[in-house]
1. Of all the Cα-Cα pairs you can form in region 1-50, what percent are over 13 Å apart?
2. Please work out how much length the chain gains when fully extended from residue 237 to residue 109, using 0.36 nm per residue of separation minus the C-alpha to C-alpha distance, in nm with one decimal.
3. What ranking do 321-327, 296-302 get when scored by the average of other Cβ atoms within 10 Å per residue, highest first?
4. So what's region 225-352 giving for Cα Rg divided by 2.2 N^0.38 Å, two decimals?
5. Once the mean 1/r over all distinct Cα pairs of region 225-292 is inverted, what Kirkwood radius in angstroms do you read off?
6. How about region 98-137: which trypsin sites (Lys or Arg not before Pro) there are in a DSSP loop, with at most 12 other Cβ atoms within 10 Å of their Cβ?
7. Please compute the alpha carbon radius of gyration of the chain, then divide it by the globular-protein estimate 2.2 N^0.38 Å. Two decimals is fine.
8. Please sort 236-244, 151-159 by packing, taking for each peptide the average over its residues of neighbouring beta carbons within 10 angstrom, highest first.
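FYI, it's all coordinate maths here, none of it is from the lab. What you see is a predicted model; the values in this text were computed from it and never measured. All Cβ positions, glycine included, derive from the backbone under ideal geometry; neighbour counts span all protein chains shown.
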Amino acid sequence: MKILVIQQKMIGDVLASTIICNNLKAIYPKSQVDYLIYPFTSPVVENNPNIDNLILFDDNCRKSKVTFFKFLLKIKREHYDLVIDAYGKTESNLITLFSGAKKKIGVYKKHTYFIYSNTIKELLRPATNAGLALENRLLLLSDLKGNKKLDIKPKIFLTPAEIENGKQILEHNNVDFSNKIYMISVLGSGENKSYPFPYMAKILDAVVAATNASLLFNYMPSQKKEALMIYNLCLPQTRKNIKIDLIMENIREFLSVTHHCNALIGNEGGAVNMAKALNIPTFTIFSTWIIKEAWNSFENGTTNVSVHLKDFKPELYGEKSAKEMKNKTFSLYEEFAPDLFLPVIKEYVKSN
C-alpha cells in the first residue's frame, strides 16, 4: 500500500502528525509512507524509520500557480492508495483531490467534506493528557486501526553521533555537568507568543537563585537582539549562569544539546514539543490567547507542567474565543505577572 500523509504548517504541527506516520507503519507494516511537509520542518522527522520519503512543498509551489499545478500532477503520478490530510487547508484539499487515491481521509468541514471518502469531526475537549492536537490527529486513523492500540506520543530520533556532538558543544562552552542544565525557550515564534521580557528575566532570576543551573538560550538568529535584551534585564548572578555565547546552528544541533538538559523552560511552541518528543521534562508558559488544552500534551504535574493566565484569572476569559482573546494579548500579558506562578516554577526546578 502506498500512503501519503499531508501536514503543511509549523514544526510543532509536523512533529505532532508524525504519530500518524508511526501508527500507519504499525497498522500496515509493508506500506510505503510518504510525508508531505514544508522543507524547513524536515529536521524533526529526520531518521524516523516510519517515514519512507519526504515530499517537500517549497515556497515556489506556494507562490506560483504554474509550479503548484505541476506539483499536483506529480502527486497524481504517484498513484497513492490512501491519502490522510492532517492540514485541511486549500493547498492540502487540492493535493488530496488531485491524488486520485481511492481512500482520502480528512477533517469534516462543510465546504470541503465532499473531497474525502472519510471525514472525522474533531473533539472539542481532550479525553486524555495527550491533548487535543494529538488526539484529533489519531482520530484520522479511526477507520484503519482495527483492534490495534495506537501510540499517541511523537518521537524524535537522534543518532549516537548527534548525541555525542551535543555533549561536546556543552563541554566546549564550559557547561558544568555537575549542576542542572536548562534549555530556555526565551522567545516565542512572535511577539504575541512571547512572555514579556521583564517578566521572563524575573523567572530566570528565580530559577538560577533556586538551582544555580546553567541556562542555554534557544532563539532564532533573527531574534538575537531580543534575546540579549532579556539577558541584560537579568540580575548579574543570573547572567553569569547564562551561556549567551552558546549558539546552536540548526534544529538538529538544538535537539542534540537539549538531549543533555534536565528540562526545557519557557514559551510554548515548537521547542517545547521537540523536548517532549525527546522525553525531556518541560515547564511551559502559554501565551494568553493560545488554547492550552490543544497543546499541553502529556501534562502530569511533575515532569511536564504548564501555566496559563486562565489558570489564575479565569474571569478575564469567560466564554470568549481564542480569536477574540488574541486581540487582547498584550493587555492580558500585563495581568500575567511572574508572582502568579513563581511558587510553581520554584517547586518544579527542585525535582527537574
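1. More than 13 Å apart: 51 percent of the Cα pairs in region 1-50.
2. 40.7 nm
3. Peptide ranking by packing, descending: 296-302, 321-327.
4. 1.13
5. The Cα-based Kirkwood calculation yields 13.5 Å.
6. Those that pass, being in a loop and sparsely packed, are 102, 110, 121.
7. 1.04
8. Top to bottom by mean Cβ count within 10 Å: 151-159, 236-244.
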